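I have placed the structure first, in the form of structure tokens, so that the comments after it can refer back to it.
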Amino acid sequence: MPGAHIKTGSIAGKRRAASIGPARRIAEELRAQNERFAAAVENMSHGLCMFDADERVIICNRNYIDIFSLDAKVVKPGIRFFDILQHSVDIGIAAQSAGELYAIRKPYIDGAKPSTYEEILSDGRIIVISHRPIAVGGWVSIYEDVTEQRRAEQELKEQHRRFDAALANMSQGLLMYDANGRMIVRNKRFLELFNITAADFPLGTTHGDALERLLELGIYTELDVDSEVAKAEASLKATKMHSTYRQLTDGRTVLVVRQTMRGGGWVATFEDVTERRRVEERMTHLAHHDTLTNLPNRSMFREKLDQALGEAKAKPLAILSLDLDRFKAVNDTFGHPAGDWLLKCVAKRLQHAVRSSKDVVARFGGDEFAIIQSGIKNAADAEKLAKRIVEMVGKPYRGKGREMHVGVSLGIALYPGDGDDADTLLTNADMALYRGKSEGRNVYRFFEAGMDARMRERRALEADLEGALSKREFELDFQPILDIGSGRIVGAEALMRWRSPSRGLVSPENFIAAAEETGLIVQLGDWALRKACNVAANWPRNMRMAVNVSPAQIKSGGFARSVISALAFSGLSADRLELEITETVMMDESDTVLKTMSQLRGLGVRIALDDFGTGYSSLGYLRRFPVDKIKIDRSFIRDLDKRDTAAIVRTVIGLGAELGIIVTAEGVETEAQLDTLRKAGCGEAQGYLIGVPTKAADISRLLRSQALLRQSG
Ligand code: C2E
Ligand code: MG
Ligand code: MG
């Protein structure tokens, strides 16, 4: 029996000597019993040492030897108790002297004190020792090393302390439920959060009871307790973290997060997220709305459109793409704050214009808006809305003592006819808008198949135009202008031509708009102005040169300077230059335009109002800005044989005479037309009858022959 320190011989040996036969049997039995006892002693988890009445060891086990790190060769049966103590002092395990140790232990051994006590060894270990007397004298000592156990207990205590501190100091309310669904922990913050007492929520409460109680106390707003409990259980079963926002009757929002614990049961935390939610909501609102008008922005619009189109049976709808006309002029004239105010007014009018609350009005930025018109039956419904919008937006805006005007152009794409995804519909609506804009303002246009092809064509044209000026692809033709009374050529109009290597000769009708769109018109117009002035400088002094001017040139700012420079370089006197502008220029109320025009007029440059009768033909413009000449559009001359048209033309001529403004008729092709005009008292005529647009040299030749004719006549 390894490690068993037992005097096997001492008990069994004596008995064996006493008898043989039955005695032998008894002896055998005793021996077996002894062995069992020794085995039991050896295998117990504690240290054990048995002493006889003389305080000598009868038996001790390996654990005892190990606990005190004793030397098994020294501590063995027969050694005295005191000698063991001395031995332990010798090997340095005891914290005191053998005498002191003996004095401490003896009263316990003798039963003078409770038989169990603790001893701390020099290495810090804690040993629980207990002594029990034996009837025949002596005692048994049991030793247990409880160092680990004590440390674990200490740690657990520390952990509890920390847990309590954490619970008490957490900003969230916390409840802990055990595996049976009973509340086992509840922190102070939980009570504070809901302004309730511990008595309202005693430990042991179930989740359902707690919800019930929160409802009874009027803290939670309406909720179905049973379904809430079922939901929570399901998510806890799936061991998922589960969070819910709870609306409190006092307006606060509490975030409840539930999470299963490893040993069963769950933890629920409660957090007041009212402020955070408010900020979040504000942020999402900001991300989805235009700050100026508070209308949905482009991203929100897209979302709504995708949503509407994504529905299983998406209903027909219309996308209206809007762009304000002349908004830039308002901004330039009245300043940005006024522009902002106007945009807000437009936003309000648009919201009024749509009928259904399902319709979406959005601002894409600048003066661009877009609308989703839902639940339409056909194109006519969209057309009705478009008309309403043109009318409503076009009404004057009055505020702070001023009156502002803008118009709006719309492009319309219909779902499902014009596309079945948001991108296509938006592009097509834009395309229709673009088309509308290029044809005149204050209009709506439906998307038509082929518009995209035309759009591509237009882009290609713009790209080609880009390099044309530097490649000297532009030319000027000149068309003579006749003074009807004297029958003499008194001037010519410079008309631009584009000789494109790939496109051939392109008419200004086909490229001026594109050049205006890209801004190229500013340089191009400047070039035409210089060229025309140079040509005119070589003509007789009584010949005027008319040059067409695009509104974009005047708005660009440096226009007056560029006219003065052209005059100076060519040496042409200012009164021989006539600038042809259209009514759209006059409509611009901004300071730049009016200032520029008066400045030029002040220099003696003449201003002609071109294409009169095709635009708004508001005579009010003539009052706001005096012109030197009105050019009646050729469409009126073409229809001069019609009574009404003839009446209009006569009226305009009469008006000119009244105001001292020269009236020129454009597009005179027949003698009959010229005759009518002459009779009506029209001052000048221009048209194929008098001469087609031609090269400068041809005009010079014409002038020479005219001079010769006069000389001979
Ligand atoms: P516009 O200023 O009204 O010029 C008169 C247009 O009528 C010219 O067309 C001319 O060729 C055409 N025309 C003249 N007599 C007759 C006639 O008897 N019958 C018919 N059917 N047409 C006649 P064009 O040269 O094609 O120019 C078209 C427009 O392009 C011009 O109209 C003008 O607005 C613009 N344009 C031409 N050159 C320039 C330029 O240098 N700058 C700017 N900004 N625009 C220009
Ligand atoms: Mg003209
Ligand atoms: Mg004209």
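The values are calculated or read from the model by the stated rules, or taken from the named source; none is laboratory data. All values derive from a computational prediction rather than experimental measurement. All Cβ positions, even for glycine, are placed from backbone atoms using ideal geometry, and neighbour counts span all protein chains on display. Remember, those area values only see protein heavy atoms, side chains included, never the ligands or the DNA or RNA. Shrake-Rupley method; radii C 1.70, N 1.55, O 1.52, S 1.80 Å.
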Residue match in the stretch 99-115 (condition: modelled with pLDDT of 90 or more and among the basic types (Lys, Arg)): no
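Inspect all residues belonging to the stretch 406-416 and state whether any of them is in contact (Cβ under 8 Å) with a residue 40 or more places away in the chain, under 28 Å from residue 513 (Cα atoms) and open to solvent by 60 Å² or more (accessible area, probe 1.4 Å). Talk me through it step by step, then tell me what you get.
From the stretch 406-416, those in contact (Cβ under 8 Å) with a residue 40 or more places away in the chain are 406-416; that's our starting set.
Cutting the leftovers down to under 28 Å from residue 513 (Cα atoms) gives us 406-414.
Next cut, open to solvent by 60 Å² or more (accessible area, probe 1.4 Å) only: none.
The answer is no; no qualifying residue exists.
Which one of these is loosely packed, with under 14 Cβ neighbours inside 10 Å, at pLDDT 90 or above and under 33 Å from the mean Cα position of the chain (by Cα): 226, 250? Steps first, answer last, please.
Values: 226 fails: under 33 Å from the mean Cα position of the chain (by Cα).
Result: 250 is the single residue among 226, 250 that is loosely packed, with under 14 Cβ neighbours inside 10 Å, at pLDDT 90 or above and under 33 Å from the mean Cα position of the chain (by Cα).
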Residue under evaluation residue 674, criteria (1) open to solvent by 40 Å² or more (accessible area, probe 1.4 Å); (2) more than 14 Å from ligand 2 (Cβ to nearest atom), criterion not met: (1)
Residue among 666, 658 that is touching a helix residue (DSSP H, G or I) at 6+ places or on another chain (Cβ under 8 Å) and either within 14 Å of ligand 3 (Cβ to nearest atom) or at pLDDT below 95 (or both): 666
Some residue of the stretch 701-708 being more than 10 Å from ligand 1 (Cβ to nearest atom), in a strand (DSSP E or B) and open to solvent by less than 30 Å² (accessible area, probe 1.4 Å): no
Matching entry among 555, 595, 531 (being touching a strand residue (DSSP E or B) at 6+ places or on another chain (Cβ under 8 Å), of a type in the set (D, E, K, R), away from ligand 2 (no atom under 15 Å from the Cβ) and open to solvent by 40 Å² or more (accessible area, probe 1.4 Å)): 531
Entirely in the stretch 259-346, the helices (runs of 4 or more DSSP H) that have 1 or more residues that are at negative phi and more than 28 Å from the chain's Cα centre (by Cα): 327-334
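Got a sec? Which of 376, 412, 371 is at pLDDT 95 or above and more than 19 Å from residue 300 (Cα to Cα)? Working first, answer last.
On the way: 376 fails: at pLDDT 95 or above; 371 fails: more than 19 Å from residue 300 (Cα to Cα).
Testing whether each residue is at pLDDT 95 or above and more than 19 Å from residue 300 (Cα to Cα) leaves just 412.
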Flag if residue 451 is without any contact (Cβ under 8 Å) to a residue 40 or more places away in the chain, more than 16 Å from ligand 1 (Cβ to nearest atom) and surrounded by 15 or more Cβ atoms within 10 Å (Cβ to Cβ): yes
Qualifying residue in the stretch 605-619 (condition: away from ligand 2 (no atom under 16 Å from the Cβ), crowded, with 22+ Cβ neighbours inside 10 Å and more than 20 Å from residue 484 (Cβ to Cβ)): no
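Considering the stretch 507-521 alone, what residues qualify as being under 46 Å from the mean Cα position of the chain (by Cα) and within 10 Å of ligand 1 (Cβ to nearest atom)? So that I can check it myself, show each step before the final result.
Initial filter on the stretch 507-521 (under 46 Å from the mean Cα position of the chain (by Cα)): 508-521.
If the condition is that a residue be under 46 Å from the mean Cα position of the chain (by Cα) and within 10 Å of ligand 1 (Cβ to nearest atom), then 508, 509, 510, 511, 512, 513, 515, 516, 521 are the ones that fit.
Of 304, 344, which residue is farther than 30 Å from residue 584 by Cβ, in the same structural domain as residue 371 (by TED's automatic domain parsing) and open to solvent by 70 Å² or more (accessible area, probe 1.4 Å)?
Numbers: 344 fails: farther than 30 Å from residue 584 by Cβ.
Just one listed residue meets the conditions, 304.
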Meets criteria (closer than 19 Å to residue 611 by Cβ, within 16 Å of ligand 2 (Cβ to nearest atom), at pLDDT below 95 and buried (at least 19 other Cβ atoms within 10 Å of the Cβ)) for residue 546: no
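Inspect the stretch 472-482 for any residue being more than 30 Å from residue 706 (Cα to Cα), within 16 Å of ligand 1 (Cβ to nearest atom) and not in a strand (DSSP E or B) and give the result as yes or no.
yes
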Entirely in the stretch 109-156, the strands (runs of 3 or more DSSP E) that have 1 or more residues that are more than 25 Å from residue 42 (Cβ to Cβ): 116-120
Candidate set from the stretch 558-588 (those that are away from ligand 2 (no atom under 16 Å from the Cβ) and acidic (Asp, Glu)); member that is farthest from residue 666 (Cα to Cα): 588
